Structure formats: structure tokens, C-alpha cells
Amino acid sequence: MKRLLRFRTASDHHWDLENKLQALAVKSGIKPAFMNFAAGMIAADRVEFRQLAALLGLHYKVTAAPPLRPTRKLNVKDSFFKASTDVFQPKDAVWLYSDIQVESRISRCILGEINVGYILGYPRCCIEWHEGMRAFDLESLFRWIEEHITNNPQMFRGIQDRTEVEIYRFALLEWRMPAPDFMSESKRLYPFAPHYACPSCLSRESEETEKLNNQYKELAFSLNPKFAQEIEQSASDSLRESSGQART
């Protein structure tokens, strides 16, 4: 495992640590599969994940990204939904997995038949909460973007002749909002967990994320105590950075 510690999966230290821990969780059987969105990756990045799979004896696969489909009809314009899909929907995904039977679940996920969270080993309570919030979040973002366009006409003066989809796409690419509180709280409470916890887990009404966080923590320390400490420090640094950005 010393080779794993020396191996680099990403230029960003935080994501490098996350990638290694989650790939190791697949190898150890804690996690059915690890997925990383390949949109925007240069060829060398994919080579790194292929090499990581070979290093850990895992299967490697590139597919279309799982669709980000809402669970109900959205109260937004079709042009906005098209623009949001263009901006937020990655094109490709890289998968690492140990059990060959996971391939059939990946195929079903790509077809939109099952939520990707079940393949990535997330708790059901968190999967269902995030799935339910997706439509609400897009509707809230639509209202915010509409208000932003109305209140900042000077920003859109040069693209008034564009299609509505293009205008929404431009607004979404310019969009800057602080991370939701639950994301920061999740990282604070569960720095080793591979997902953002739902309110039930954050309030400890549900213990599922805490259990998973402890499994990942134990796995990280079994690999190398310094590696585990770096993950904790990286999570702490990310929280300070996001807090500083929110104040500026």
C-alpha cells in the first residue's frame, strides 16, 4: 500500500486523498463502486484512474454519466432545464469496482433506473433525501436566476439576441453561491464519509453516516495514520476556506 500513498490521482490534494480512500474502500468491500466524473478530463487523467485500478486489482470502466433526473415535474421553463442539464450534467464517468456483477447495476444506473448512490454505497436515508431535494433545488435556482437576470440587465446586454437556453446557460456559468450549510456541517462531523449527510444523519436521528464515517476512518488509519490525519486536516482546511469565501 506504500505505492498507493505515493500515487497521485489528482493535482488537488484534497481530491487526491478522497479518491485514494474511496478506491481503497472498494478494494476492502466497504463500497460497491467508486465513480469519478470524467467530464473535462484530459487523457492523462483517465490514465491515472486506470493505473489506480490496476494498482488495487479493480475493474475500470468509462460510461456516460448517470442522469440527474428529478423525481417529479419541475416548475421551471423547459429552456432553463435544458440549460441546467448542459451546465451541470457531466458527459462521462469513470468507475472502479471489484465485483463484476456491479456492471449490470451501473448499466441500470445509466438508464436512470436506479440512483447512483446505491452503487456508491451511500445510506438510503441520505440517497432519498438528496433525491427529494433535487427538484426543490432546481426550482429555487430557477427563481434566483430569473431574479438575477432581471436585476442585472447590464450583464446580459451583449447577448440579448441569443436563444433563451443560451442566456440561461450564461447565467448559470456566472452563478456563484456559497455551499449549503448541510455540506459544511457534514464535512465537520463526518470528514471521512464519502457523501454529504442528510439532516437525519446530521442530527444523529439516523446513525448510518456516522457508522460509514467510522468504517472509512478505520480503513484510513489501517493504511497509514499520517494518511488519515491528512484527510482530517484537509477537511478542516476546506471548511476554513469556504467560511472565508462566505464572508467576502
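Every residue in region 215-224 that is in contact (Cβ under 8 Å) with a residue 12 or more places away in the chain and part of a helix (DSSP H, G or I), please. Lay out the reasoning, then the answer.
Taking region 215-224 first, the residues in contact (Cβ under 8 Å) with a residue 12 or more places away in the chain are 215-217, 219-220, 223-224.
Matches in region 215-224: GLN215, TYR216, LYS217, LEU219, ALA220, LEU223.
Please work out if SER79 is touching a residue at least 40 places away in the same chain (Cβ under 8 Å), assigned to a helix (DSSP H, G or I), farther than 30 Å from ARG3 by Cα and not hydrophobic (A, V, I, L, M, F, W, C). First the steps, then the outcome.
Details: touching a residue at least 40 places away in the same chain (Cβ under 8 Å): yes; assigned to a helix (DSSP H, G or I): yes; farther than 30 Å from ARG3 by Cα: yes; not hydrophobic (A, V, I, L, M, F, W, C): yes.
The answer is yes for SER79.
May I ask you to list pairs of residues, at least six apart or on different chains, whose Cβ atoms are under 6 Å apart, with the first in region 10-39 being under 20 Å from ARG124 (Cα atoms) and the second being of a type in the set (Gly, Ala, Ser)?
VAL26/SER98; LYS31/ALA25; LYS31/GLY121; PRO32/GLY121; PHE34/ALA23; MET35/ALA93
Just checking, does region 103-117 include any residue being within 17 Å of the chain's Cα centre (by Cα) and within 26 Å of ALA171 (Cβ to Cβ)?
Within region 103-117 (the criterion being within 17 Å of the chain's Cα centre (by Cα) and within 26 Å of ALA171 (Cβ to Cβ)), the answer is no, since none of the residues qualifies.
Starting from residues that are without any contact (Cβ under 8 Å) to a residue 60 or more places away in the chain and surrounded by 18 or more Cβ atoms within 10 Å (Cβ to Cβ), keep the ones in region 85-126 and report whichever is farthest from ALA53 (Cα to Cα).
ASN115
Across region 156-178, which residue is surrounded by the fewest Cβ atoms within 10 Å (Cβ to Cβ) among those that are at pLDDT below 75 and farther than 21 Å from PRO70 by Cβ? Break it down stepwise before answering.
Going through region 156-178, the residues at pLDDT below 75 turn out to be 156-161, 175-178.
Filter again for farther than 21 Å from PRO70 by Cβ, leaving 156-161, 176, 178.
On the way: PHE156: 16, ARG157: 8, GLY158: 9, ILE159: 13, GLN160: 8, ASP161: 7, ARG176: 5, PRO178: 12.
Restricting to residues being at pLDDT below 75 and farther than 21 Å from PRO70 by Cβ, the top hit is ARG176.
I'd like the full set of residues that are closer than 13 Å to ALA25 by Cα and crowded, with 17+ Cβ neighbours inside 10 Å, limited to region 196-214. First the steps, then the outcome.
At the first step, the residues of region 196-214 found to be closer than 13 Å to ALA25 by Cα are 212-214.
LEU212, ASN213, listed by residue number.
Consider region 127-170. How many of its residues are in contact (Cβ under 8 Å) with a residue 12 or more places away in the chain, part of a helix (DSSP H, G or I) and over 27 Å from LYS211 (Cβ atoms)?
18
What about LEU5, is it surrounded by fewer than 15 Cβ atoms within 10 Å (Cβ to Cβ), within 30 Å of ASP237 (Cα to Cα) and over 19 Å from the mean Cα position of the chain (by Cα)?
Numbers: surrounded by fewer than 15 Cβ atoms within 10 Å (Cβ to Cβ): yes; within 30 Å of ASP237 (Cα to Cα): yes; over 19 Å from the mean Cα position of the chain (by Cα): yes.
Against the criterion (surrounded by fewer than 15 Cβ atoms within 10 Å (Cβ to Cβ), within 30 Å of ASP237 (Cα to Cα) and over 19 Å from the mean Cα position of the chain (by Cα)), LEU5 qualifies.
In region 185-213, what count of residues is obtained for those that are under 14 Å from the mean Cα position of the chain (by Cα) and either at positive phi or outside any loop (DSSP other than H, G, I, E, B) (or both)?
The number of residues fulfilling the criteria is 2.
Looking for whichever is hydroxyl-bearing (Ser, Thr, Tyr) and in a helix (DSSP H, G or I) here; the options are TYR122, TYR118. Which one fits?
Working: TYR122 fails: in a helix (DSSP H, G or I).
None of the other options fit; the residue is TYR118.
Return yes or no: is LEU24 over 15 Å from the mean Cα position of the chain (by Cα), buried (at least 17 other Cβ atoms within 10 Å of the Cβ) and within 29 Å of GLU232 (Cβ to Cβ)? Full working, then the answer.
Working: over 15 Å from the mean Cα position of the chain (by Cα): yes; buried (at least 17 other Cβ atoms within 10 Å of the Cβ): yes; within 29 Å of GLU232 (Cβ to Cβ): yes.
Criteria met by LEU24.
Mind counting the residues in region 1-56 that are at pLDDT below 90, farther than 17 Å from PHE227 by Cβ and in a helix (DSSP H, G or I)?
Going through region 1-56 one residue at a time, the tally reaches 6.
Quick check on region 59-76. Is at least one of its residues modelled with pLDDT of 90 or more, assigned to a loop (DSSP other than H, G, I, E, B) and among the polar types (S, T, N, Q)?
Yes, some residue in region 59-76 is modelled with pLDDT of 90 or more, assigned to a loop (DSSP other than H, G, I, E, B) and among the polar types (S, T, N, Q).
Looking at region 87-100, which of its residues are more than 17 Å from the chain's Cα centre (by Cα) and either more than 28 Å from ARG8 (Cα to Cα) or part of a helix (DSSP H, G or I) (or both)?
Hits for region 87-100: nothing passes.
The values are calculated or read from the model by the stated rules, or taken from the named source; none is laboratory data. Keep in mind that what you see is a predicted model, and the values were worked out from it rather than measured. Please note: Cβ atoms are built from the backbone with ideal geometry, for glycine as well, and neighbour counts cover all protein chains shown.
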